[in-house]
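Since the structure comes first, as structure tokens, the remarks are kept for the end.
The values are calculated or read from the model by the stated rules, or taken from the named source; none is laboratory data. Owing to the predicted nature of the structure, the values given are computational and were not obtained by experimental measurement. Virtual Cβ from ideal backbone geometry, glycine too; neighbours counted across all protein chains shown. In case anyone asks, the SASA skips ligands and DNA or RNA and just uses the protein heavy atoms, side chains included. Shrake-Rupley method; radii C 1.70, N 1.55, O 1.52, S 1.80 Å.
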Amino acid sequence: MKILVTGAAGFIGHHLCEALLKRSIEVIGLDNINDYYDVHLKYNRLIELGISSNDAEQWNSKTISSKHGDKFSFVRMNLEDRNELPKLFKDENIVTVCNLAAQAGVRYSLENPESYVDSNIVGFLNLLECCRHHQVKHLVYASSSSVYGLNEKVPFSTSDNVDNPISIYAASKKSNELMAHTYSHLFGMATTGLRFFTVYGPWGRPDMALFLFTDAILNGRPIKVFNHGKLERDFTYVGDIVEGVVRVLTKPLKNRQLYKIYNIGNNNSVKLTDFIQAIENKVGKKAEKEMLPMQPGDVTKTWADVDNLIQDYDYRPNTNINDGVGSFVKWYRNYYNI
């Protein structure tokens, strides 16, 4: 089996590549290493996978890992590149694709919506076309809990209506689901969308709450607490997420619908105040809190109903908040030599 993982220099993509390689699965990683956040973090994730920064800077050429050999290779490429991406599919015998590449961030989508259309919609369409024309057996792609918009029924179920997104990011992810459904229907492609809930853990993104809060507390700055702390999130440890993704990627597709959507989360909702307290406990320092109103595009509560993923893939998230936060804080201290 050879799996293409897009977004390989990203938070979840990096961990997914590591997990697949531990299972002796051949992986091609793809990423454009954009500057939405600190590119050094992305380069360092790739270094962990055996790809040097110099090699990662080269566009549209495959580099073999110094750590994993032929089992892992990396290509810097834009998903929306209609010349280079089809060449990659033509040259490689790709059986399965996991698309984690996307312009991330709900709030940033209010400032720069064009980048979300380019990457998340145009790029995804290009990927669908490549999968269609090169007989890819299974496309697994990242959707998001943001598609639920202002849904007030909890836990969120994949049977809920998701026709009212409240950010361009959410709209782009809903578009991915619709496009995948069309390709499954028209061309008999097996596609699986995974609606990720709030993922956290080592190597996490600097724009996410855990990174922002840990960094601020350790450096004596106040943390920004939106909606005056009255928020709840289905915080899910990256190791649990990746285990679920690996199961979806590697389980045979016999006797299943071509088009599937699953929630992938912790099956629990945690108060933001409790999450902050867990960080304070692991850092060993109290946070100075700046209480702020609700932000545009944000929601009050998320909670994933993952019963379908449990039933079909025996998905069992089991990392509690204290352990997960502790793993991140330990990584953060090591990474920044604190």
**Report entry** Antiparallel DSSP beta bridges within the chain, percent to nearest 5
**Finding:** 10 percent
Requested in this report: Choose one of V27, S53, I12: the residue whose Cα lies farthest towards the positive end of the charge dipole of the range 1-87 (beta-carbon charges +1 Lys, Arg; -1 Asp, Glu; about the Cα centre).
Outcome: V27
Query raised in the report: Once a ≥ b ≥ c are taken as the square roots of the eigenvalues of the Cα gyration tensor of the range 271-331, is the result rounded (a/c under 1.5), prolate (a/b larger than b/c) or oblate (a/b not larger than b/c)?
Result: oblate
Query raised in the report: Treating the beta-carbon of each Lys and Arg as +1 and of each Asp and Glu as -1, no other charges, what is the dipole magnitude of the range 19-165 about its Cα centre, to the nearest 20 debye?
Result: 600 debye
Report summary line: Mean Cβ-within-10 Å packing, highest first, puts peptides 189-198, 28-37 in the order 189-198, 28-37
Report task. Bin all alpha-carbon pair distances of the range 1-73 at 10 Å intervals from 0 and give each bin's fraction as a whole percent. Result -> 22, 61, 17, 0
Requested in this report: For H181 and D91, calculate 0.36 nm times their separation in residues minus their Cα-Cα distance, and state this gained length in nm to one decimal.
Outcome: 29.7 nm
Report task. Could you list, in their original order, any pairs among K62/K251; K137/K251; K289/K330; K174/K230; K62/K87; K153/K230 whose Cα atoms are separated by more than 19 Å? Result -> K62/K251; K289/K330; K174/K230
Requested in this report: Mind checking which of G69, T96, S109 is farthest towards the positive end of the range 69-110's charge dipole, using Cβ charges of +1 (Lys, Arg) and -1 (Asp, Glu) about the Cα centre?
Outcome: S109
Report task. Considering only D91, D234, D307, give the residue with the highest GNM mean-square fluctuation for the chain, with springs between Cα atoms whenever their separation is below 10 Å. Result -> D91
Query - Debye log10 I(q)/I(0) for the range 208-268, one point scatterer per Cα, at q = 0.16, 0.18, 0.26, 0.29 Å⁻¹ - result: -0.73, -0.82, -1.15, -1.21
**Report entry** Residue-normalised accessible area of the chain, expressed per residue, 1.4 Å probe, Å²
**Finding:** 44 Å²
Requested in this report: Treating the angle as unsigned and between 0 and 90°, give the value, to the nearest 10°, between the Cα long axis of helix 272-283 and the longest Cα principal axis of the chain.
Outcome: 90 degrees
Report summary line: To the nearest 20 debye, the chain has a Cα-centred charge dipole, built from +1 on Lys and Arg Cβ and -1 on Asp and Glu Cβ, of 640 debye
Report summary line: Packing-ranked peptide list from 128-135, 214-221, highest mean Cβ count within 10 angstrom first, is 128-135, 214-221
Report summary line: Where a ≥ b ≥ c are root eigenvalues of the Cα gyration tensor, a/c under 1.5 meaning rounded, otherwise prolate if a/b exceeds b/c and oblate otherwise, the range 1-125 counts as prolate
Query - Average Cα contact separation per residue, the chain, under 8 Å, 6 or more apart, as relative contact order % - result: 17 percent
Query raised in the report: Taking N as the number of residues in the range 133-232, what is its Cα Rg relative to 2.2 N^0.38 Å?
Result: 1.38
Requested in this report: Just tell me which lysines come within less than 16 Å, Cα to Cα, of K67; anything on the same chain fewer than 8 places away is out.
Outcome: K22
Report summary line: For the chain, longest principal axis from Cα atoms; helix 11-22 axis from its Cα atoms; angle between them, nearest 10 degrees, is 60 degrees
Report summary line: Quick numbers on the range 181-338, Rg and Dmax over C-alpha atoms in Å, give 18.0, 56
Report summary line: Rounded to a whole number, the Stokes-Einstein D of the chain in µm²/s (Kirkwood radius over Cα pairs; 20 °C; 1.002 mPa s) is 106 µm²/s
Query raised in the report: Can you give the Rg to Rh ratio of the range 83-207, both from alpha-carbon atoms, with Rh computed by the Kirkwood formula?
Result: 0.98
Report summary line: Excluding ligands, DNA and RNA, the carbon-plus-sulfur percentage of the accessible area of the chain with a 1.4 Å probe reads 47 percent
Report task. Relative to the longest principal axis of the C-alpha atoms of the chain, give the angle of the C-alpha long axis of helix 168-187, reported between 0 and 90° and rounded to the nearest 10°. Result -> 30 degrees
